[in-house]
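Below you'll find the structure, written out as structure tokens, and then a few comments.
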């Protein structure tokens, strides 16, 4: 079924009888060519591009709960490609370009809104670093603009530039960055994949891998054994748990990242503002909620919830730059499990086990990566070779000393 | 028309009239009213508009679960959007206005949406607005954004202050209804440290809203007497107007106390609100229950309320929701409302009960049937009833009380991911699974719905907690009171209804839930996210159960099989201001001031933030119009004669013990074991991954005593790392560490006359000639007649230079002394800018070069990494990726045309060829204007840089539309042989 | 969270700085034949368990002890807190 304004009007006039499920609820088949573990954004995108771009057949996505229930359903919806390093920037720029055509591509309005993202600058050293980054972005074909405080003030007149503990000396803007309705990304990919024959199987938990002679033959699940020629894992914060079933230890820790939304408010925030020095970033959803967050809590956790010190820290950062937000109310706080890698960058690679492939280590940057991650993982699963924009995302980069460390924090995941 | 619906009695004070304004119109209420009760007393039913369809909305509840009656409270900078009229404690001079409307509340132009509701069903926006692609951001989205949202922020700075505090107790009791009061009284009399918190300004919970007696007292009077006793106990803290927002790990609860929200402005010196972190050993959750509505066609009109809310308005606030009221119920509790209203002389149109065996009444009509529709554009006028026999009946009424049963308030029991369990007798979820550790639930929150049950449950919960804590529980005598069992027939929605509201704020109807099911959004989380059910400001407190029940029916499952969405903090929306407290403006982060700060201020220094430190950036002099003039002068004067700079902010760590040298050998990649006493050595510290972590110096003051310095930014992380190495890796090394950054004031004295100046400060027995105290010397000395000091002959500027440290308390005196004795040399204070210029001129790496991704090789210090010992990072620094051919090397950069700038952050490109990432050769890390050379200079990293000196390249900074030609040179622009240092 | 410091009693976790898995105590021997591989695994690979986890916390705003905290990553429950130095010694570390 194709969605359109015309279809909406037609159905409204016909009593909405014609709407059908956005995806089927199939029984698992005994064998697939490709099984993707994880019905989150990345897993669903992988299945979508496998079917659509790489013309693969007999694909299943296995999800232990409900699709879109992981980080794609609990993030702060920001997309951007403002990366510094050559290992990252082409990949994220590829992702941003996929975002730009995504809605028409998968026929679902994910409310992709390029309202711009701004990183505030407070010191000369920060300006130097952001200049280098902005130049790297432009040299990689992305957009970047250095804004003056006056230019920023024009867009955010309520920004505290007068009484700021850390003076605002400008900001690096990426106008093509923005926000997306996060749940709709999962649903759009799911619907697009399903309509191309992908079996999306919810409530199907993978309990083990069947590995013989160094080759993965399929997965044991809560709904029985499912054979597969290739198995791709895309389970983000659960990566270590899943891959331990294949006796793998990963360069990764799972951490909780909290996020927050305010009550609905009439529009105040035109774009995304990031106050790195104060651990705070914020945008406003189409519904009117201020969507904001900050740092991870900083300790290993699978609890999907955090604690007050970080809540307060984030709000302090918010009040430092937007003192008018004091009378807005936080409506809800929640937490997701971040697959914090050892250098802050992801892995899209084959494992040492034949037929077993891995996608993870997204830290808290996974949402914006969703389209490219899916595309590149599909490329890897199809061709057994990395996509050109993802060729640095290898397992062996740690052993070889080829880390992609944007923040320069070294092998300590909670600092990335 | 003044308070037409006001009754007698209640817990309001008719002798204390309060004037207030709503939408510009003046009204009078009474002390003890909420804004909602005062408006109802004045006959105002229409208070707002819904989110999507802009349907007229009145008050639904009498508590914090209110989804409808949201207003913008106050004006100007104190304007608070989305404030629930049901929780606003009325004060004299209150002003509020309705929100989310275009035009007057009665004639909201956006109500047109309601006409198109058939097109605006659940998730319609995911299916359209995609063509043409450019229209989403330019046309559709701006329209949607402006129609969406609820109230507005003033966008003025919040003028109020917020405080934070910490409280500790044995027992936290959440909720001061019958269960909470019984628990607090039991624990309080037994001597436990108790905190009793309730979100309401009047404690007592449902006891204030009911008419039944406790012993020989009214419920409200009994509550008053208990609260008075609790308040008199020194071990009990009674906290009204305090919402527990969340149950966090290990017995930590967040609480927001509203100190001033019931005042027109906070009293002088008082905060608006306080965020308390309560550390408690045990918790009794006595948060009561929340009544739920029933879905039927057009069940959202102003005047349609929860039956219990109508009862609260009548009994507590002495307000009749209308003069003619009907009830629609599936349980006995709905009948209570009718009885109470009847007793107050209010006309009961009828009680409509879905149960054939409903209780009868002599006083009013009880109908077996269902309300199937209602009438009244801006407020209810009629309820259409379908009787059990199929006949229709129109009930004239201005208010309709609906009771679908009660949901125990399990919210806080689920904050640590516990899930509630289903109770058939109550047709509701009750606390279950794993509760937050230390929490016990009592009263209606635990499914004990009678008052007697709540009292008993509260007392028992407290007794068990006391026993747990090893305290002897004193039994309290509980008064006799009602103990009616729950009689309910589960009934969620009227058959055949379609536009029957579940979530009244977000306009989610039964029809939307059906569509959600039809389209495959069947998981409870998909239902929520697709329809937005329960995502409004009340977080589904009154709406979720109905949606779950309908989804269960459609899916052929039981309600517990469908399950609930996750309850998340905060319990009710919490102002961002209180979560931030006083950490805003200049108080956002603490300021660290250097020992010379006061003196530097007197000199008119310009300061710069360096982490939390404020450092003098430069010292402008009269006549200087640009910062560059000042900085150039400071640099030239230092290199010509002598300059002084406060370098206290550099981290300092004292390392002492027999194994001190062995320890330094571990933390630095270069060797330290053989460093002589009285000598200082540059040290490069690697992370375990082989990347440069920090650099500094280590001075050996004695065989077993070193002083290590770190960069300003890394003072804390390096100290932490050193303690890790000491405690976790080499626990038996005889070595002790202490951070002395704040203990010593330290000044750099640099320039050819630095020794001559210093000679005037050091005590006569200290010999500082070049021979006696050569480059890299260090010593404990005395200055100014006996003051202990540490002297290091180290140089960041490249000049003959010293750093001298004295106990911090003498830092101010020392800078003044240096300036005094230095007059004859024209000693010049210099700030961080001049410091930066001189270190770039000298080619010293700093933060911009030690950026966490650079190796010793990158920095040109590859040979420093000792191969003969194991130090942190030495092994992994050998990895191929860190030693690749074509690696970056630090170089100097100067413009071919001396007038050109070389901006930091620019990238290096070959002189010819394409300009893109694939041809990137490196980047500029630090840049400045060198007053000594008369042109810009820079440091940078260049591929194979060490072999490319003399090469002409381009630097490009497309971000600033800038490009120019540069020459790669040695990073040592000044005195490359180091002669000045050793002079 | 509250960490029951073996010397100081219960302290708010906000006083501490977190490092990670306490296996970081087991720094390999650089002289080992297989040192390159061992250091790679030591520095980069983690068990990252969902459940009980021994981990290192530094009492930065306190007495500067490194602690080994046994904490459940699913529930955040803490069952044991030890001085890292004692743990290190018990694991054979010395000088």
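Every read-out reported here was derived from the displayed coordinates using simple, explicitly stated rules and does not represent laboratory data. Please read all numbers here as calculations on a predicted model, not as lab measurements. Note: ideal-geometry Cβ built from the backbone for every residue, glycine included; neighbour counts use all protein chains shown.
The slack in the chain from residue B:365 to residue B:765, taken as 0.36 nm per residue of separation less the alpha-carbon distance, amounts to 133.1 nm.
Separation of region A:337-416 from region C:1-57 is 24 Å, based on Cα centroids. Put in order of Cβ neighbour count within 10 Å, fewest first, the listed residues A:124, B:200 become A:124, B:200. Every helix of 4 or more DSSP H residues in chain B counts as -39500 (n - 2.57), and over all residues that averages to -5500 deg cm²/dmol at 222 nm.
Peptides B:835-841, B:388-394 ranked from most to least packed by the mean count of surrounding Cβ atoms within 10 Å: B:835-841, B:388-394. For region B:540-561 and region B:815-893, what is the centre-to-centre distance using only Cα atoms, to the nearest Å? Between the Cα centres of region B:540-561 and region B:815-893 lies a distance of 65 Å. Shielding of peptide B:143-156 by partners, expressed as the average count of other chain Cβ atoms within 10 Å per residue Cβ, is 6. What angle do you read, to the nearest 10 degrees and between 0 and 90, between the alpha-carbon axis of helix B:627-640 and the longest principal axis of chain B? Computed tilt is about 30 degrees.
For residue A:4 and residue B:899, the FRET efficiency from 1/(1 + (r/R0)^6), where r spans their Cβ atoms and R0 equals 56 Å, is about 0.40. Label point of residue B:263 set 7 angstrom out along Cα-Cβ; within region B:555-576, no amide nitrogen lies under 15 Å from it.
For a Förster distance of 25 Å, can you work out the FRET efficiency between the beta-carbons of residue B:139 and residue B:377, rounded to the nearest 0.05? E(calc), rounded to 0.05, equals 0.20. In this structure, residue C:2 and residue A:407 have a Cβ-Cβ separation that, at R0 = 25 Å, corresponds to a calculated FRET efficiency of about 0.25. Counting 0.36 nm for each residue step from residue B:498 to residue B:118 and taking away their Cα separation leaves a gain of 135.7 nm. With the cut-off at under 17 Å, measuring from each backbone N in region A:294-335 to a point 7 Å along the Cα-to-Cβ line of residue C:77 picks out A:301-304.
Peptides B:717-726, B:59-68, B:736-745 ordered by packing proxy, namely the average of other Cβ atoms within 10 Å per residue, highest first: B:59-68, B:717-726, B:736-745.
Spin-label model, residue B:734 to residue C:61: label points 7 Å out along the Cα-to-beta-carbon direction sit 3.7 nm apart. With neighbour counts taken as other beta-carbon atoms within 10 Å, the residues A:168, B:566, B:244 rank, fewest first, as B:566, A:168, B:244. Sorting B:909, B:362, C:1 by the number of Cβ atoms found within 10 Å of their own Cβ, with the fewest placed first, yields B:362, B:909, C:1. Please check which bits of region B:77-117 a label hung off residue B:156 would reach, taking the label as a point 7 Å along Cα-to-C-beta and the cut-off as backbone N under 13 Å. Residues B:77-80 fall inside that zone. Other protein chain C-beta atoms within 10 Å of residue C-beta, averaged over B:581-591: 6. Working from label points 7 Å from Cα in the Cα-to-Cβ sense, the residue B:676 to residue A:104 distance is 7.7 nm. Modelled spin-label separation between residue A:163 and residue B:109, with each label point placed 7 Å from Cα along the Cα-to-Cβ direction: 3.7 nm. When the Cα atoms of region B:295-403 are aligned to their principal axes, the ranges along those axes come out at 38, 33, 20 Å in descending order. How many angstrom separate the Cα center of region B:361-414 from the Cα center of region B:171-236? Each part's Cα centre sits 33 Å from the other's.
Residue by residue along B:245-253, Cβ atoms of other protein chains within 10 Å of the local Cβ number 6 on average. Between residue A:17 and residue A:400, the contour length at 0.36 nm per residue exceeds the Cα-Cα span by 132.0 nm.
Entry for the protein assembly as shown at q = 0.08 Å⁻¹: log10 I(q)/I(0) = -1.07, Debye formula applied to identical alpha-carbon scatterers, no solvent contribution. Helix B:715-724 sits at what angle to the longest principal axis of chain B, using alpha carbons and giving 0 to 90 degrees rounded to 10? The angle comes out at about 90 degrees.
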